[in-house]
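K.L.:
Just passing along the structure, written as structure tokens.
The values are calculated or read from the model by the stated rules, or taken from the named source; none is laboratory data. As the structure is a prediction and not an experimental result, all values here were calculated from the model. Ideal geometry is used to build each Cβ from the backbone, glycine not excepted, and the neighbour counts take in all protein chains shown.
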């Protein structure tokens, strides 16, 4: 048995080993996805989430001595992407089976008003050495607004979705940490545009009632901490604390 096969078998039951395996094969998965769609696929595309979940499916179905794992994974990835694109009705003629501050920034003082929120966050960010931080803050808010619209809500909905008590805040933090630590849960969330409440509750130990009530906050925090949003991430430093 070679090293890859050993890693695949270990990844069946060990999520941290699966995450390591997926990360080390990320470029390969993106290449398979790109070859299947005949266009360049990045990790911000739905096809990446499809490929990642297909990779997980291949890990779970792989059996020792049953041939090449990468051959199996490539086949599953191609099939799932083709199925997805056919369902979406896109590129049909191109397909082939071959190759702590949300609470602070969005409080009663601002009343959820878009301009006031942007102004306050920009003012707090202003003055950072060597950068136009006020402009950067506005850009981050604008980009995050676009991301959250895919989930059917606004950045400015977070005022009502934010945890109000310390106990609930800690529970939300645990949920976010669990979510961003799992490449599969993040892929499911981004593909389905929904928080995987059942799975997240089971893995994090956070009760479903809290996840449902603070769904928007948890989604936003996960997208921020898993993305390139240094100013917004600064407001969520408590999430990093165990």
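K.L.:
Against the definition (surrounded by 13 or more Cβ atoms within 10 Å (Cβ to Cβ) and farther than 21 Å from residue 196 by Cβ), how does residue 52 come out, yes or no?
P.N.:
Taking the combined requirement at face value, the residue does not satisfy it.
K.L.:
Do we find that residue 16 is closer than 17 Å to residue 185 by Cβ, outside the structural domain of residue 183 (by TED's automatic domain parsing) and surrounded by fewer than 16 Cβ atoms within 10 Å (Cβ to Cβ) in this structure?
P.N.:
Here the answer is yes, as residue 16 does meet what is asked.
K.L.:
Next question. Considering only residues that are part of a loop (DSSP other than H, G, I, E, B) and within 16 Å of residue 188 (Cβ to Cβ), which ones fall in the stretch 45-91?
P.N.:
Selection gives 45 alone.
K.L.:
So residue 112 clears everything in (1) in a helix (DSSP H, G or I); (2) within 26 Å of residue 195 (Cα to Cα); (3) modelled with pLDDT under 80 except one condition, right? Which one?
P.N.:
Every condition holds for residue 112 apart from (1).
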